[in-house]
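A short write-up of the structure that comes next.
Derivation of every value follows stated rules applied to the coordinates shown; laboratory data play no part. Everything quoted here is computed from the prediction, not taken from an experiment. Methodologically, a virtual Cβ is constructed for each residue, glycine included, from the backbone with ideal geometry; neighbour enumeration extends over all protein chains shown.
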Amino acid sequence: MPMNYIDLFLKDKQPRKLSRLEQLIVAHSVMKEIFTEVLDTKYEPRLNELYCDEEKIIQMLDLIVQTPIYRGFQWMYGIDLHNVENIPNRGGAMLVSNHATPYLGDVAPLYFGIFEKRRRAIYGLGHKLLKKSDFIKTIGGTFGTRDTAVKLLEDDKLTLVCPGGIMDACKPWYHCYKVRPVEGFSDSGLGYLKAAYMAKKPIIPVGNIGAEESILILADIKEPIGRFLRYMDDKIHFGDTVRGKTIFHLWESAKIIPLAVTPPMRTKVDAYIGNPIDVNYFLGSNPSQGDFAEVNRIVMAQLQSLIDVGLKEKPTLISRIKREIGKYVE
């Protein structure tokens, strides 16, 4: 079984209703596992496979949604799914969403919402750190590579990717609700699109609104920090010290350094699910890199359209502020 500390609850093939005591036991076990993985420097992952079996993931989710942890999550991030019928009951598809917050207050509500509405597990394609997390794997996470994405899709799984990557998740508030250039799968490679093409599976765009309100990021301060570090290096040769080299390395490797002025805040998330896009229809049998770039523009345009529709139906605080400021700027 995927996680030996709650094997007792995973033995039943059919969903079971947990008692209050059992809910607390599961919640405690989950939190213990998360803290162990994050804080224990000697922790060694037990799961070696790329991703878990869907049946095991659903068993795990059936337990988690009964716990106080999940009730707290629902209070923090409410979710409304629009056009959920566009999510197939079976078969593989790649969900492509905008990334709205580094706290996962965008993809996680979508993930659990589709599980409850469609009873399907979503395999989230994410950062390489997911390779070392047993817990994330047992609820559907996996390291997002093109080969893994193709394998999941060919295995008729639902996958979820945010091609905007960290640049999208940590964008300043004045860029909110604007689809950012592809980052997570490389703008030149367009791996998310090539994975769907290779697996011959559709892409389903999902416009996420509301999650932008869960954190206020004022600006990207990577360059100001860089200027300060270079000043320190010029004055006291800071870059020659061990600590200085480490800090310079971290600065250079970071794509963005957000100036966040709030902790995670409660928000309401609305996910607008678009119609499936048959990328193979657009790309044909021998597509060039330019063909992939053109279809990427189509997918991103569809995604932006869903976001714009959602904002018209349910304007958010940030979108209203941007609109009012725009009146004076124009």
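Table for the structure above
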read-out: nm² value of the averaged projected area, convex hull over the Cα atoms of the range 215-273; value: 6.0
read-out: Principal axes of the chain: Cα extent on each, largest first, Å; value: 64, 50, 43
read-out: Cα-centre dipole for the chain with unit charges at Cβ (Lys and Arg positive, Asp and Glu negative), debye to 20; value: 440
read-out: Kirkwood estimate for the range 139-240, i.e. one over the average of 1/r between Cα atoms, Å; value: 16.4
read-out: Helix-only [θ]222 nm of the chain, DSSP H runs n ≥ 4, -39500 (n - 2.57) each, per residue, nearest 500; value: -14000 deg cm²/dmol
read-out: Selected from 123, 103, 192 as most flexible by GNM, with the chain as the system and alpha-carbon contacts under 10 Å; value: 103
read-out: Projected-area mean, the range 218-330, by convex hull of Cα positions, square nanometres; value: 13.1
read-out: Three semi-axes of the equivalent ellipsoid, the range 14-58, Cα gyration tensor, whole Å, largest first; value: 23, 19, 5
read-out: Peptides ranked, highest mean first, by Cβ atoms within 10 Å: ranges 82-94, 265-277; value: 265-277, 82-94
read-out: Residue 221 long-range amide H proximity, modeled H, under 5 Å; value: 257, 259
